[in-house]
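Asks: First, the structure itself, so that you have it in front of you.
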Amino acid sequence: MSETSNAALPASGPAVCVIVVAYNPGAYLARCIDALRRQHWTDFEAIIVDNGSTDGAVQSLGVLAAPFRVLATGRNLGFAAANNRGAAATTAPWIALLNPDAIAAPDWLERLMAATRAHPDIAMFGSTQIQLDDEARWDGLGDVYHASGIVWRGGFGQPVTNPAPGGEVFSPCAAAALYRHDDFRAAGGLDERFFCYVEDIDLAFRLRLQGQRALQVADAVVHHAGSATTGRSSDFTLFHGWRNRSWVFVKNMPGPLFWPLVPLHLAALALLLLLSLRPGSATKIGPCWRGLTAALAGLGPIWRSRQEIQRQRRASLCAIAGALSWSPLALLGRRPVLRPVAGGSETRS
């Protein structure tokens, strides 16, 4: 994790900074930035973190005027580190992470910021994600964390319903998420060891351990291509997903839950490995196995992080257990899991 200050952020400048990490994003980037230019909410700045792109997409934007600016890293630092660099470059009290292949509706920021006013005690807000190439299907309705340590984007690929559901989720998907900046900093930002994938779940878990919650904002909509650069079932994606998933479980699951759930986590991983052997499976066992062995190889530093994280836990065990999904049906169906929020009108799916 990056080193951050816990000092309060000054209440000056724009209310929110949108951070767009660009690594060879192709034509998606221009569409993403055009959508930001059309936002109804204008009290924002946008930092495009050029993460060592070589496809010319950032340069094709030309000379950008305020509120847009480019922050070049010089090389591919990974999604986690690049977003941390963007967050360190702003004093806005809210930061929005937006993938370059996510096209925001004109009222996206307006709806997210309205949610912060309606729920001042909540630190994380997620967006309704619809597939960019198929508007009849969800891309995601918040991230779900199962007690087994398996994670998924709720509702991915399922038919769109109207109205979209909203409510409390375990974690917002960082493809289009809003975080209170001082809480993001206090948590240490995204864990840069993860490089990319599942780092948003890890951040949300750490924030939850500090007593924070996440809200899925039904009317804050983006259309998302998803893994446009890396591919959903590429070796790169599978490796990092498998490695990071186990790291999240080891780092963050409180001890009274961790030890009883370790056998369930191992059984779930074994079953997923077996399923990857099926003919025609989109999941290949090679990168999955390499990711799992890399998780084991890096367990020492992750365990030391766990000890520090658990010492600082403020949330009750019941609060953490209640935020997890325990349903095998939700797991098998990759269902969204949304819970009512006190004082709100959100619904459960």
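The values are calculated or read from the model by the stated rules, or taken from the named source; none is laboratory data. Predicted model, so just to flag it, every value in this text is computed and none were measured. Glycine also receives a Cβ, built like all others from the backbone with ideal geometry; neighbour counts cover every protein chain displayed. Surface areas here come from the heavy atoms of the whole protein model, side chains and all, with no ligands, DNA or RNA. Shrake-Rupley method; radii C 1.70, N 1.55, O 1.52, S 1.80 Å.
Asks: What pairs can you find where one residue is in segment 208-227 and at positive phi, the other is assigned to a helix (DSSP H, G or I) and surrounded by fewer than 21 Cβ atoms within 10 Å (Cβ to Cβ), and their Cβ atoms are less than 9 Å apart, with a gap of 6+ or different chains?
Replies: That search, which allows pairs on different chains as well, returns Gly211/Ala319; Ser227/Thr237.
Asks: Sticking with this structure for a sec: Out of curiosity, is Thr116 modelled with pLDDT of 95 or more, over 17 Å from Leu329 (Cβ atoms) and within 16 Å of the chain's Cα centre (by Cα)? Explain how you work it out, then say what you get.
Replies: Numbers: modelled with pLDDT of 95 or more: yes; over 17 Å from Leu329 (Cβ atoms): yes; within 16 Å of the chain's Cα centre (by Cα): no.
It is false that Thr116 is modelled with pLDDT of 95 or more, over 17 Å from Leu329 (Cβ atoms) and within 16 Å of the chain's Cα centre (by Cα).
Asks: Could we say that Leu292 is of a type in the set (A, V, I, L, M, F, W, C), more than 30 Å from Glu110 (Cα to Cα), at pLDDT 95 or above and open to solvent by less than 50 Å² (accessible area, probe 1.4 Å) here?
Replies: So Leu292 fits the description; yes.
Asks: For Trp326, state whether it is hydrophobic (A, V, I, L, M, F, W, C), open to solvent by 60 Å² or more (accessible area, probe 1.4 Å), modelled with pLDDT of 95 or more and closer than 30 Å to Thr161 by Cβ.
Replies: yes
Asks: In this structure, does Val217 turn out to be more than 12 Å from the chain's Cα centre (by Cα) and either outside the structural domain of Pro93 (by the TED database) or open to solvent by less than 40 Å² (accessible area, probe 1.4 Å) (or both)? Step through it out loud before you land on a result.
Replies: Details: more than 12 Å from the chain's Cα centre (by Cα): yes; either outside the structural domain of Pro93 (by the TED database) or open to solvent by less than 40 Å² (accessible area, probe 1.4 Å) (or both): yes.
So Val217 fits the description; yes.
Asks: Going through segment 52-70 one residue at a time, which ones are small (Gly, Ala, Ser), surrounded by 15 or more Cβ atoms within 10 Å (Cβ to Cβ) and in contact with a helix residue (DSSP H, G or I) (Cβ under 7 Å, 6 or more places away or on another chain)?
Replies: Across segment 52-70, the qualifying residue is only Ala57.
Asks: When you scan segment 300-309, do you find a residue that is exposed (fewer than 14 other Cβ atoms within 10 Å of the Cβ), within 30 Å of Pro159 (Cα to Cα) and of a type in the set (A, V, I, L, M, F, W, C), even just one? Write out each step before concluding.
Replies: To start, the set of residues in segment 300-309 that are exposed (fewer than 14 other Cβ atoms within 10 Å of the Cβ) comprises 300-301, 303-304, 307-308.
The next check asks that each one be within 30 Å of Pro159 (Cα to Cα); those that pass are none.
Checked segment 300-309: no residue is exposed (fewer than 14 other Cβ atoms within 10 Å of the Cβ), within 30 Å of Pro159 (Cα to Cα) and of a type in the set (A, V, I, L, M, F, W, C).
Asks: Of the conditions (1) out of contact with any His (no Cβ under 7 Å at 6 or more places or on another chain); (2) under 19 Å from Gln310 (Cα atoms); (3) buried (at least 22 other Cβ atoms within 10 Å of the Cβ); (4) touching a residue at least 40 places away in the same chain (Cβ under 8 Å), Val144 clears all except one; give me its number.
Replies: Every listed condition holds for Val144 apart from (2).
Asks: Quick one: would you say Val248 is part of a helix (DSSP H, G or I) and either open to solvent by 30 Å² or more (accessible area, probe 1.4 Å) or at pLDDT 95 or above (or both)? Full working, then the answer.
Replies: Values: part of a helix (DSSP H, G or I): yes; either open to solvent by 30 Å² or more (accessible area, probe 1.4 Å) or at pLDDT 95 or above (or both): yes.
In short, yes.
Asks: May I ask you to say which residue of Thr42, Thr73 is touching a Gly at 6+ places or on another chain (Cβ under 9 Å) and either in contact (Cβ under 8 Å) with a residue 12 or more places away in the chain or surrounded by fewer than 18 Cβ atoms within 10 Å (Cβ to Cβ) (or both)? Can you show your working first?
Replies: On the way: Thr42 fails: touching a Gly at 6+ places or on another chain (Cβ under 9 Å).
Unique residue meeting the criteria: Thr73.
Asks: Only one of these is open to solvent by less than 90 Å² (accessible area, probe 1.4 Å) and in a helix (DSSP H, G or I): Pro263, Pro336. Name it.
Replies: Numbers: Pro336 fails: in a helix (DSSP H, G or I).
Just one listed residue meets the conditions, Pro263.
Asks: In the set Ile103, Ile130, Ile122, which member is at pLDDT 95 or above and either farther than 26 Å from Tyr23 by Cα or hydroxyl-bearing (Ser, Thr, Tyr) (or both)? Steps first, answer last, please.
Replies: On the way: Ile103 fails: either farther than 26 Å from Tyr23 by Cα or hydroxyl-bearing (Ser, Thr, Tyr) (or both); Ile130 fails: either farther than 26 Å from Tyr23 by Cα or hydroxyl-bearing (Ser, Thr, Tyr) (or both).
Matching residue, one of Ile103, Ile130, Ile122: Ile122.
Asks: Also, I was wondering about something else. For segment 159-183, which residues satisfy the criterion of being in contact (Cβ under 8 Å) with a residue 60 or more places away in the chain and either open to solvent by 10 Å² or more (accessible area, probe 1.4 Å) or not assigned by the TED database to the domain that holds Gly86 (or both)? Don't jump to the end; show me each part of the working.
Replies: Narrowing segment 159-183 to residues in contact (Cβ under 8 Å) with a residue 60 or more places away in the chain: 165-170, 174-183.
Result: Pro165, Glu168, Arg180, Asp182, Asp183.
Asks: Still on this structure: Could you list all residues from segment 310-323 that are outside any helix (DSSP H, G or I) and surrounded by 14 or more Cβ atoms within 10 Å (Cβ to Cβ)?
Replies: Step one: list which residues in segment 310-323 are outside any helix (DSSP H, G or I), which gives 312-316.
Arg313, Ala315, listed by residue number.
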